[in-house]
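Colleague: Take this structure first; my questions come after.
The values are calculated or read from the model by the stated rules, or taken from the named source; none is laboratory data. What you see is a predicted model; the values in this text were computed from it and never measured. Cβ atoms come from the backbone with ideal geometry, glycine included; neighbour counts cover every protein chain shown.
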């Protein structure tokens, strides 16, 4: 199972919006709504930001949102803040009790 | 509050075995599926294994299948990862993570802090 494809890096100024794409296939992202997004700061464990494509866990700021079209899922951060600077990973169920993560995207706040 | 604490990591020679543990608290462990995910130094996240709440179904990634086995003891609120025939490319921080509730395909939600496994001669 190959990793889902994410851009290596995205950047934006405080207050701007950025979108991270996560491209898979019709066997993973395109086939299921079990797509999640994780934020990881250096040296820390990942934190769930979005689950089931577009659901936000309690405590996650509303500026984080998710969507999916075909084989590509997306995470949008609206109103970028300094603390959003981190690595972001998508994850999708791939059938037959298997899962696949994205390659990861570094978000830089300029 | 969900708490997951991994242990058992360390330095091991290629070809040897290691068993990781994940002690869970703050939620009804026996009702949730669990994942193992690893992260090689400076690299991205890689899914390793999953087990359902009662071990009815479990699976490992292609890269570890036949060498790693996931299991659990619900009476002890503990998840395990038995790793055999370790290779240098298994070097990574290993995280246990609780599955989101409900669906078969649920992805991880809460994560432990991880335990480092280094495979080197």
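Colleague: In segment B:94-112, is there at least one residue being away from every other protein chain (no Cβ under 14 Å) and not in a strand (DSSP E or B)?
Modeller: Scanning segment B:94-112, I find no residue that is away from every other protein chain (no Cβ under 14 Å) and not in a strand (DSSP E or B), so the answer is no.
Colleague: Here is a follow-up. Would you say residue B:65 is modelled with pLDDT of 95 or more, out of contact with any helix residue (DSSP H, G or I) (no Cβ under 7 Å at 6 or more places or on another chain) and within 16 Å of residue B:118 (Cβ to Cβ)? Don't jump to the end; show me each part of the working.
Modeller: Working: modelled with pLDDT of 95 or more: yes; out of contact with any helix residue (DSSP H, G or I) (no Cβ under 7 Å at 6 or more places or on another chain): yes; within 16 Å of residue B:118 (Cβ to Cβ): no.
No; evaluated as a whole, the condition is false for this residue.
Colleague: Does segment A:79-97 hold any residues that are modelled with pLDDT of 95 or more and surrounded by 15 or more Cβ atoms within 10 Å (Cβ to Cβ), and which are they?
Modeller: Passing the criteria: A:80, A:84, A:85, A:86, A:87, A:88, A:89, A:90, A:91, A:92, A:93, A:94.
Colleague: Follow-up. Given the criteria surrounded by 14 or more Cβ atoms within 10 Å (Cβ to Cβ) and either more than 13 Å from chain B (Cβ to nearest Cβ) or assigned to a loop (DSSP other than H, G, I, E, B) (or both), does residue A:75 qualify? Give the steps one after another, and end with the answer.
Modeller: Working: surrounded by 14 or more Cβ atoms within 10 Å (Cβ to Cβ): yes; either more than 13 Å from chain B (Cβ to nearest Cβ) or assigned to a loop (DSSP other than H, G, I, E, B) (or both): yes.
Considered against the rule, which asks whether it is surrounded by 14 or more Cβ atoms within 10 Å (Cβ to Cβ) and either more than 13 Å from chain B (Cβ to nearest Cβ) or assigned to a loop (DSSP other than H, G, I, E, B) (or both), residue A:75 comes out as yes.
Colleague: Let me ask something additional. Can you name every residue in segment B:12-42 that is free of Cβ contacts under 8 Å to residues at least 12 places away in the same chain and either in contact with a helix residue (DSSP H, G or I) (Cβ under 9 Å, 6 or more places away or on another chain) or within 14 Å of chain A (Cβ to nearest Cβ) (or both)?
Modeller: Of all residues in segment B:12-42, those free of Cβ contacts under 8 Å to residues at least 12 places away in the same chain come to B:28, B:42.
Selection gives B:42 alone.
Colleague: So which residues in segment A:41-51 are facing another protein chain (nearest Cβ under 8 Å) and surrounded by 18 or more Cβ atoms within 10 Å (Cβ to Cβ), if there are any at all?
Modeller: A:45, A:46, A:48, A:51 - these are the residues of segment A:41-51 that are facing another protein chain (nearest Cβ under 8 Å) and surrounded by 18 or more Cβ atoms within 10 Å (Cβ to Cβ).
Colleague: Just to be sure, is residue A:34 crowded, with 17+ Cβ neighbours inside 10 Å and without any contact (Cβ under 8 Å) to a residue 24 or more places away in the chain? I'd like the intermediate steps shown before the answer.
Modeller: Values: crowded, with 17+ Cβ neighbours inside 10 Å: yes; without any contact (Cβ under 8 Å) to a residue 24 or more places away in the chain: no.
No: the conditions fail for residue A:34.
Colleague: While we're looking at this one, here's another question. Please pick out the residue among A:21, A:26, A:11, A:67 that is surrounded by fewer than 19 Cβ atoms within 10 Å (Cβ to Cβ) and assigned to a loop (DSSP other than H, G, I, E, B).
Modeller: On the way: A:21 fails: assigned to a loop (DSSP other than H, G, I, E, B); A:11 fails: assigned to a loop (DSSP other than H, G, I, E, B); A:67 fails: assigned to a loop (DSSP other than H, G, I, E, B).
Of the residues listed, the single one that is surrounded by fewer than 19 Cβ atoms within 10 Å (Cβ to Cβ) and assigned to a loop (DSSP other than H, G, I, E, B) is A:26.
Colleague: Hey, any hits in segment A:14-28 for a residue that's within 14 Å of chain B (Cβ to nearest Cβ) and over 19 Å from residue B:44 (Cβ atoms)? Reasoning before the result, please.
Modeller: Going residue by residue through segment A:14-28, those that are within 14 Å of chain B (Cβ to nearest Cβ) are A:20, A:22, A:24, A:27-28.
Next cut, over 19 Å from residue B:44 (Cβ atoms) only: A:27.
Taking every residue of segment A:14-28 in turn, at least one turns out to be within 14 Å of chain B (Cβ to nearest Cβ) and over 19 Å from residue B:44 (Cβ atoms).
Colleague: Determine which member of the set A:102, A:66 is closer than 27 Å to residue B:33 by Cα, without any contact (Cβ under 8 Å) to a residue 40 or more places away in the chain and under 12 Å from the mean Cα position of the chain (by Cα).
Modeller: Details: A:102 fails: without any contact (Cβ under 8 Å) to a residue 40 or more places away in the chain.
Going through A:102, A:66 in turn, just one is closer than 27 Å to residue B:33 by Cα, without any contact (Cβ under 8 Å) to a residue 40 or more places away in the chain and under 12 Å from the mean Cα position of the chain (by Cα): A:66.
Colleague: So is residue B:66 more than 8 Å from chain A (Cβ to nearest Cβ), closer than 20 Å to residue A:1 by Cβ and out of contact with any strand residue (DSSP E or B) (no Cβ under 7 Å at 6 or more places or on another chain) or not?
Modeller: Numbers: more than 8 Å from chain A (Cβ to nearest Cβ): yes; closer than 20 Å to residue A:1 by Cβ: yes; out of contact with any strand residue (DSSP E or B) (no Cβ under 7 Å at 6 or more places or on another chain): yes.
Answer is yes for this residue.
Colleague: Out of all the residues in segment A:1-13, which are more than 14 Å from chain B (Cβ to nearest Cβ) and either closer than 13 Å to residue A:104 by Cα or in contact with a strand residue (DSSP E or B) (Cβ under 6 Å, 6 or more places away or on another chain) (or both)?
Modeller: So in segment A:1-13, the residues more than 14 Å from chain B (Cβ to nearest Cβ) come out as A:10-13.
If the condition is that a residue be more than 14 Å from chain B (Cβ to nearest Cβ) and either closer than 13 Å to residue A:104 by Cα or in contact with a strand residue (DSSP E or B) (Cβ under 6 Å, 6 or more places away or on another chain) (or both), then A:10, A:11, A:12 are the ones that fit.
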